[in-house]
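The values are calculated or read from the model by the stated rules, or taken from the named source; none is laboratory data. All values reported here derive from a predicted model rather than from experimental measurement. Using ideal geometry, Cβ is built from the backbone for each residue, glycine included, and neighbour counts are taken over all protein chains shown. Side chains included, ligands, DNA and RNA excluded: accessible areas come from the protein's heavy atoms. Shrake-Rupley method; radii C 1.70, N 1.55, O 1.52, S 1.80 Å.
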Amino acid sequence: METLVQVAQLLLALSILVGIHEGGHMVAAKMFGMKVEKFFIGFPPTLFSFKKGETEYGLGAIPLGGFVKISGMIDESMDKEQMAQPPQPWEFRSKPAWQRLIVMLGGIIVNVVAGVIAMIILTYNVGDEYIPSSYVKENGVQAFKYGEQFGFQNGDKILNINGEDYERFSDVTDPAIFLDSDAYYTVERNGQQVKITVPDGALDLMSKEKTFKQEFLYPRAKFQVAYPEDPEYLATSNAKKVGIFDGDIITKVGDTPAGYMDQFKSTLGAYAGSVASLEVLRGNETLTFEVPVNKDTTIGFLMASQIPVERNEYSFGEATAKGTSDAFNLVIVNARAMGKMFSGDLSARSLSGPIGIVNLFPKAWDWNQFWYTTAFISMILAFMNLLPIPALDGGHVMFLLYEMISGKAPSDKFLENAQKVGMIILLALMVFVFGNDILKLFGI
């Protein structure tokens, strides 16, 4: 069921983004008097269509893209019969190069505008919540599987990242860190400063392992005793029986400090099946309790995390600046990652297709997260479409810029062949990313 919810969100997001992208091309074309023959969301076979004016509007059965057919344009339709006829005044090829350039940039522009607007609205309406760095600097982190691989230990207090101060714990796992050469963290460990260098292949690891963030680092959690409103649970709770109250703070197990969740769990484990002496802080009073420990190392209470969460709210002006900055930062990080890929510093295995993108969406429907992910995809689609690959908008833009600079347009034959090459490249890329996604599903 969770996967179906994620797939539904992906299909809805793609339908919206493809619609506005192709709509950007269509509106620009009509604005300059070009004839738009077809506007489709999804690829054939056709589910339904209708004609209004000169344009046929429709929905295809394969919801992984869409297209707009502009008369007199060499595109994926490869309509050679039409291109063999004399140019007509309403055709794409008859218009000035600058108008054709705007038409080709129309889809990219509306994707950028949509992504930025979505980020601004989310920033204004939702604001953001974060764990302040001051808590991490005071209490340290808990290192999980990948954190230990990097060289972190429980209790390490992260002082700075690449020698720079940071505001939020989320900055610790910012992908931009792993794009920097010789990236490092400075931590305080047992009163000494230690430099932890980000290992080679960290970006590959982060992109390949979808649980990386959950299994990397998290602020070391202080906790309070909490009991559920469950009479059966309370009746069997050893902690409740000996007089430990809701809201009490456990500071020691025996003589060992145990004020953090990880400390308490690991220390209490040594007392399984016996009795542990717990030092408890209740208000300003320190108390001691002798508590029987079950063989499964439990004593019958829940640990309520005391990690503070701060919230920022933004005026519309502040949200506009921050939302715009955040939207373009998404593109910058991905552009840098692609540069790393071309240089060989990042494996092409990090590329994901539709199956991988599904995991960006939450498993339960959350409109705020849906729109954030949709904005992210919109910005990435704009960036990818601008790449100078024939068959993409960026390929058309490249040839139009050549025409505007040189004063001479490439021949129709050249453009047809370039389109074929571009389609082969895109097909090969599609096969590669689908294969990548499938291999990742099997942990390969």
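Identify all residues within the stretch 85-104 that are part of a loop (DSSP other than H, G, I, E, B) and either of a type in the set (Val, Ile, Thr) or open to solvent by 80 Å² or more (accessible area, probe 1.4 Å) (or both); write none if there are none. Please lay out each step first, then the result.
Filtering the stretch 85-104 for residues part of a loop (DSSP other than H, G, I, E, B) gives 85-91, 95-96.
Listed by number, the residues that qualify are GLN85, PRO86, PRO87, PRO89, TRP90.
Do the conditions hold for THR123, that is, is it outside any strand (DSSP E or B), at negative phi and among the β-branched types (Val, Ile, Thr)? Steps first, answer last, please.
Working: outside any strand (DSSP E or B): yes; at negative phi: yes; among the β-branched types (Val, Ile, Thr): yes.
Here the answer is yes, as THR123 does meet what is asked.
Every residue in the stretch 403-428 that is open to solvent by less than 70 Å² (accessible area, probe 1.4 Å) and closer than 27 Å to SER347 by Cα, please.
Answer for the stretch 403-428, where residues must be open to solvent by less than 70 Å² (accessible area, probe 1.4 Å) and closer than 27 Å to SER347 by Cα: GLY422, LEU426, ALA428.
Which ones in the stretch 257-280 are assigned to a strand (DSSP E or B), buried (at least 16 other Cβ atoms within 10 Å of the Cβ) and either β-branched (Val, Ile, Thr) or in contact with a Ser or Thr (Cβ under 9 Å, 6 or more places away or on another chain) (or both)?
We begin by selecting, within the stretch 257-280, every residue assigned to a strand (DSSP E or B); these are 257, 260, 275-280.
Then drop every residue that is not buried (at least 16 other Cβ atoms within 10 Å of the Cβ), which leaves 260, 276, 278-280.
Residues satisfying the conditions are ALA276, LEU278, GLU279, VAL280.
Can you find, within the stretch 126-140, the residue that is surrounded by the fewest Cβ atoms within 10 Å (Cβ to Cβ) among those that are out of contact with any helix residue (DSSP H, G or I) (no Cβ under 7 Å at 6 or more places or on another chain) and outside any helix (DSSP H, G or I)? Lay out the reasoning, then the answer.
First, pick out the residues of the stretch 126-140 that are out of contact with any helix residue (DSSP H, G or I) (no Cβ under 7 Å at 6 or more places or on another chain): 127-129, 132, 134-135, 137-140.
Subset that is outside any helix (DSSP H, G or I): 127-129, 132, 140.
Working: GLY127: 14, ASP128: 15, GLU129: 11, PRO132: 17, GLY140: 22.
It comes out as GLU129.
Could you give me the residue pairs with C-beta distances under 6 Å whose first residue belongs to the stretch 91-108 and is in contact (Cβ under 8 Å) with a residue 40 or more places away in the chain, whose second residue is among the β-branched types (Val, Ile, Thr) and part of a helix (DSSP H, G or I) wherever it lies, and which are 6+ apart or on separate chains?
Matching pairs, first to second residue: MET104/VAL397.
Using the structure shown, decide if PHE40 is open to solvent by less than 70 Å² (accessible area, probe 1.4 Å), part of a strand (DSSP E or B) and either under 20 Å from ALA8 (Cα atoms) or not polar (S, T, N, Q) (or both). Give the derivation first.
Numbers: open to solvent by less than 70 Å² (accessible area, probe 1.4 Å): yes; part of a strand (DSSP E or B): yes; either under 20 Å from ALA8 (Cα atoms) or not polar (S, T, N, Q) (or both): yes.
It is true that PHE40 is open to solvent by less than 70 Å² (accessible area, probe 1.4 Å), part of a strand (DSSP E or B) and either under 20 Å from ALA8 (Cα atoms) or not polar (S, T, N, Q) (or both).
Among the residues of the stretch 298-338, count how many are open to solvent by 80 Å² or more (accessible area, probe 1.4 Å), of a type outside the set (Lys, Arg) and assigned to a helix (DSSP H, G or I).
Selection size over the stretch 298-338: 4.
Taking ASP230, is it within 27 Å of SER133 (Cα to Cα), within 42 Å of the chain's Cα centre (by Cα) and at pLDDT below 95?
Working: within 27 Å of SER133 (Cα to Cα): no; within 42 Å of the chain's Cα centre (by Cα): yes; at pLDDT below 95: yes.
In short, no.
Go through the residues of the stretch 380-402 one by one and say whether even a single one is open to solvent by 40 Å² or more (accessible area, probe 1.4 Å) and touching a strand residue (DSSP E or B) at 6+ places or on another chain (Cβ under 9 Å).
For the stretch 380-402, residues open to solvent by 40 Å² or more (accessible area, probe 1.4 Å) and touching a strand residue (DSSP E or B) at 6+ places or on another chain (Cβ under 9 Å): absent.
Report those strands (runs of 3 or more DSSP E) wholly inside the stretch 155-218 carrying at least 2 residues which are of a type in the set (A, V, I, L, M, F, W, C) and closer than 30 Å to PRO257 by Cα.
Details: elements: 157-161, 184-189, 192-197.
Strands (runs of 3 or more DSSP E) meeting the threshold: 157-161, 192-197.
Could you say whether any residue in the stretch 154-172 is open to solvent by less than 10 Å² (accessible area, probe 1.4 Å), of a type in the set (A, V, I, L, M, F, W, C), under 21 Å from LYS222 (Cβ atoms) and under 20 Å from the mean Cα position of the chain (by Cα)? So that I can check it myself, show each step before the final result.
So in the stretch 154-172, the residues open to solvent by less than 10 Å² (accessible area, probe 1.4 Å) come out as 156, 158, 172.
Those left that are additionally of a type in the set (A, V, I, L, M, F, W, C): 158, 172.
From what is left, the residues that are under 21 Å from LYS222 (Cβ atoms) are 158, 172.
Okay, now just the ones that are also under 20 Å from the mean Cα position of the chain (by Cα), so 172.
Yes - at least one qualifying residue is present in the stretch 154-172.
Matching residues to (1) surrounded by 13 or more Cβ atoms within 10 Å (Cβ to Cβ); (2) within 29 Å of LEU439 (Cα to Cα); (3) in contact (Cβ under 8 Å) with a residue 40 or more places away in the chain:
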site	(1), (2), (3)
LEU179	yes, yes, yes
ALA183	yes, no, no
ARG189	yes, no, no
GLN193	no, no, no
VAL198	yes, yes, yes
LYS208	yes, yes, yes
THR211	no, yes, no
LEU217	yes, yes, yes
GLN224	yes, no, yes
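In this structure, does ILE62 turn out to be on the phi < 0 side of the Ramachandran plot, open to solvent by 50 Å² or more (accessible area, probe 1.4 Å), under 35 Å from the mean Cα position of the chain (by Cα) and modelled with pLDDT of 95 or more?
On the way: on the phi < 0 side of the Ramachandran plot: yes; open to solvent by 50 Å² or more (accessible area, probe 1.4 Å): yes; under 35 Å from the mean Cα position of the chain (by Cα): yes; modelled with pLDDT of 95 or more: no.
It is false that ILE62 is on the phi < 0 side of the Ramachandran plot, open to solvent by 50 Å² or more (accessible area, probe 1.4 Å), under 35 Å from the mean Cα position of the chain (by Cα) and modelled with pLDDT of 95 or more.
Is there any pair with a first residue in the stretch 25-50 that is of a type in the set (Ser, Thr, Tyr) and a second that is surrounded by 15 or more Cβ atoms within 10 Å (Cβ to Cβ) whose Cβ atoms are under 7 Å apart and which are 6 or more apart or on different chains, and what are they?
Matching pairs, first to second residue: THR46/GLY58; THR46/GLY60; SER49/GLU56; SER49/TYR57; SER49/GLY58.
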